[in-house]
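*Asks:* Have a look at this one.
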């Protein structure tokens with residue numbers, strides 16, 4: 001019987017699971033909202049809450065602890081500079097999991113995990129800005145079919 005086992009194995013080896021959650025933590029810190037399966041989101045929620053709690057005390061040992069867990073300088077910097085100040089008065093519950101229907105391919109339950117009071121602009125970090133093409137470029141190279 002599985003009494004007292006406190007986490008989901010997600011059908012992955014321990015190293016794969018550790019790498020998966022490290023990458024998901026970095027993505028959640030960067031974009032402040034990600035879409036994933038429901039079991040992964042439920043396992044990620046306590047981990048992100050612990051990361052933000054560690055980041056609230058700005059001491060060197062906590063920075064080293066977070067860097068060993070996240071292995072990304074930008075994520076550690078964002079936790080200590082932005083997120084710790086945003087959640088300074090909050091005592092816990094820095095993230096929420098919202099159910100988002102089912103995936104079309106395998107009918108897996110999907111969820112959105114996001115930080116409370118998130119920055120709406122953080123989701124657009126990697127998207128390139130749209131550049132409008134001029135109509136003059138199309139007119140300069142007309143393709144004429146001749147017989």
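Please treat every number below as a calculation from the coordinates, not as lab data. Just so it is clear, the structure is predicted and the values come from calculations on it, not from any experiment. Cβ placement follows ideal geometry from the backbone for every residue including glycine, while neighbour counts extend to all protein chains displayed.
*Asks:* So between residue 116 and residue 68, what do we pick up on full extension, going 0.36 nm a residue minus the alpha carbon distance?
*Replies:* 14.8 nm
*Asks:* Pairs of alpha-carbon atoms within less than 8 angstrom and 6+ residues apart define the contacts here; what relative contact order does the chain have, in percent?
*Replies:* 28
*Asks:* Per DSSP H run of n ≥ 4, the term is -39500 (n - 2.57); total these for the chain, divide by its residue number, and report the mean residue ellipticity at 222 nm rounded to 500 deg cm²/dmol.
*Replies:* Helix-only estimate at 222 nm: -12500 deg cm²/dmol.
*Asks:* Each label point is 7 Å from the Cα along the Cα-to-Cβ direction; what then is the distance between the points at residue 23 and residue 106, in nm?
*Replies:* In this crude spin-label approximation the distance works out to 1.4 nm.
*Asks:* For residue 10 paired with residue 96, estimate the spin-label separation in nm (one decimal), with each label point 7 Å from Cα along the Cα-to-Cβ line.
*Replies:* Distance between label points: 2.3 nm.
*Asks:* Which residue, 79, 131, 51, tops the fluctuation ranking in a GNM of the chain built on C-alpha contacts under 10 Å?
*Replies:* In this elastic network of the chain, the residue with the biggest mean-square fluctuation among 79, 131, 51 is 131.
*Asks:* Taking springs between alpha-carbon atoms closer than 10 angstrom, which of 128, 46, 109 fluctuates most in the Gaussian network model of the chain?
*Replies:* Top of the fluctuation ranking is 128.
*Asks:* Working from Cα positions, state the angle (0 to 90°, nearest 10) between the long axis of helix 38-55 and the longest principal axis of the chain.
*Replies:* 70
*Asks:* With springs only between Cα atoms under 10 Å apart, run a GNM on the chain and tell me which of 37, 13, 53 wobbles the most.
*Replies:* For the chain, modelled as a Gaussian network with Cα springs under 10 Å, the answer is 13.
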